[in-house]
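The values are calculated or read from the model by the stated rules, or taken from the named source; none is laboratory data. These numbers were taken from a predicted model, which means no experiment stands behind them. Virtual Cβ from ideal backbone geometry, glycine too; neighbours counted across all protein chains shown.
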């Protein structure tokens, strides 16, 4: 029995981490991948392992990552061991990157892509509230919100423009098995 692998992508401020945490609270059997990121652990809202660039490079050279990418001046990695629940039939979800979708789809042909979106004004408000970026950085992130996904990838869109609970319900609906396309 093999579980399903999902990646949740979307612009900064769309609420991916919040929705993933709420979805896991509702579905505790859902395996959320703990990413490795080259930033201090205190700097993020998600549960991740913060490592130095030297440590990240060592793990990359040792083949520890099933997938890795660069974004916003940081390195991100999906540890291979975090995907083990798939072999036990569990659904596994990782917070991914739109820029890494081509590589992710090549690595995982059955990957299900969930795109979390929100209106630009709401993205800007959320980014300002978290306090990690200045006004110029927020404007740059909001301008990248419209980044197109690769044309050959299907995705399920989750609009997170209401309460966190409403967004989580939409994400949980996207995580349910989808009917086969005719």
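Observations
- Residue match in the stretch 26-35 (condition: assigned to a strand (DSSP E or B) and within 29 Å of residue 166 (Cβ to Cβ)): yes
- Taking the criterion of being within 18 Å of the chain's Cα centre (by Cα) and surrounded by fewer than 15 Cβ atoms within 10 Å (Cβ to Cβ), the only residue of the stretch 51-70 that qualifies is 70.
- Among residues of the stretch 98-121, those that are over 14 Å from the mean Cα position of the chain (by Cα) and either buried (at least 19 other Cβ atoms within 10 Å of the Cβ) or assigned to a loop (DSSP other than H, G, I, E, B) (or both), counted: 5
- Of all residues in the stretch 152-177 being over 16 Å from residue 93 (Cα atoms) and assigned to a loop (DSSP other than H, G, I, E, B), the one that is modelled with the lowest pLDDT: 152
- Some residue of the stretch 77-97 being in contact with a helix residue (DSSP H, G or I) (Cβ under 6 Å, 6 or more places away or on another chain) and either farther than 22 Å from residue 154 by Cα or in a helix (DSSP H, G or I) (or both): no
- With respect to (1) in a helix (DSSP H, G or I); (2) under 22 Å from residue 69 (Cα atoms); (3) without any contact (Cβ under 8 Å) to a residue 12 or more places away in the chain, the lone exception for residue 136 is condition (2).
- Unmet criterion (only one of (1) surrounded by 15 or more Cβ atoms within 10 Å (Cβ to Cβ); (2) out of contact with any helix residue (DSSP H, G or I) (no Cβ under 6 Å at 6 or more places or on another chain)) for residue 8: (2)
- Verdict on residue 14 being touching a residue at least 60 places away in the same chain (Cβ under 8 Å), farther than 19 Å from residue 103 by Cβ, outside any helix (DSSP H, G or I) and within 17 Å of the chain's Cα centre (by Cα): yes
- Hey, residue 149 closer than 25 Å to residue 66 by Cα and either in contact with a strand residue (DSSP E or B) (Cβ under 9 Å, 6 or more places away or on another chain) or part of a helix (DSSP H, G or I) (or both) or not: yes
- The residue of the stretch 135-151 that is nearest to residue 73 (Cα to Cα), among those that are modelled with pLDDT of 80 or more and exposed (fewer than 11 other Cβ atoms within 10 Å of the Cβ), is 136.
- Residue 39 part of a loop (DSSP other than H, G, I, E, B) and either farther than 19 Å from residue 132 by Cβ or out of contact with any helix residue (DSSP H, G or I) (no Cβ under 9 Å at 6 or more places or on another chain) (or both): yes
- Checked against the criterion of being closer than 27 Å to residue 134 by Cα and modelled with pLDDT of 95 or more, the candidates 7, 53, 18 yield just one match: 53.
- Where residue 171 falls short, out of the listed (1) without any contact (Cβ under 8 Å) to a residue 60 or more places away in the chain; (2) under 19 Å from the mean Cα position of the chain (by Cα): (1)
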